[in-house]
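Please read the structure below before turning to the comments.
The values are calculated or read from the model by the stated rules, or taken from the named source; none is laboratory data. Only a predicted model underlies this, so the values are computations on that prediction, with no experimental measurement involved. Glycine also receives a Cβ, built like all others from the backbone with ideal geometry; neighbour counts cover every protein chain displayed. Note: accessible area is taken over every heavy atom of the protein model, side chains too, but ligands, DNA and RNA are not part of it. Shrake-Rupley method; radii C 1.70, N 1.55, O 1.52, S 1.80 Å.
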Amino acid sequence: ALSNRKSTCATPAVVATSAVTAKTSPWVEPLVGEVMVTVTGAGGGLGSNVVREALQRGHTVRALVRDPTRVTLPNAVEAVVGDALDRATMCRAAEGCEVVFHLAAQSLVRESYRDPLETYRVNVMGTVALLEALRRTPGRRAVVVVTSDKCYENREQAAGYSETDRLGGHDPYSNSKA
């Protein structure tokens, strides 16, 4: 269902943030009881898995989507259509939710070379817009800001990276996610 409701988005609130790097959706598992969840980037591979997992666990899901003609969401999902950089849209997406999974991104490395400004706009300022909307929307909530292993300095190592590894990234996508 598409949402056209108005948002008040004025009162600052406490926001908890956590950076997470993963290729699956293990973050949904610890949520207890029915929780209102907002997923940005719900049309992507990881975002669609978070939506599916949250629904399977009995949560109410709202999804921020930029282009509803390119995304197929389950009927149970409330869709908020708009740009992740638009404060009113982000406030509508955040209003009343308890947990936000922020996965909206320009995630293509080659595209980041072609249009670095757009990559930084979406990946950096999109996160800022979300956090600002949450700050201005009443209530307390948890926020999971998802990044990529590309945010770490590439050491050409066989093992994966951990959150204590040095941040780096020489291309616009990689350093926009750090």
So the carbon and sulfur contribution to the accessible area of the stretch 47-148, 1.4 Å probe, in percent, is 52 percent
At 0.36 nm per residue, and after removing the present C-alpha to C-alpha distance, how many nm does the segment from ARG57 to ASP171 gain when stretched out fully? 37.3 nm
Here the FRET efficiency for LEU117 versus THR164, based on Cβ atoms and R0 = 35 Å and rounded to 0.05, is 0.65
How long is the gain from ALA76 to ALA88 if the chain were fully straight, where each residue apart is worth 0.36 nm and the alpha carbon distance is subtracted? 2.0 nm
Which of the listed residues, VAL99, THR164, VAL145, is farthest toward the dipole's positive end in the stretch 47-178, when Lys, Arg count +1 and Asp, Glu count -1 at the beta-carbon? VAL99
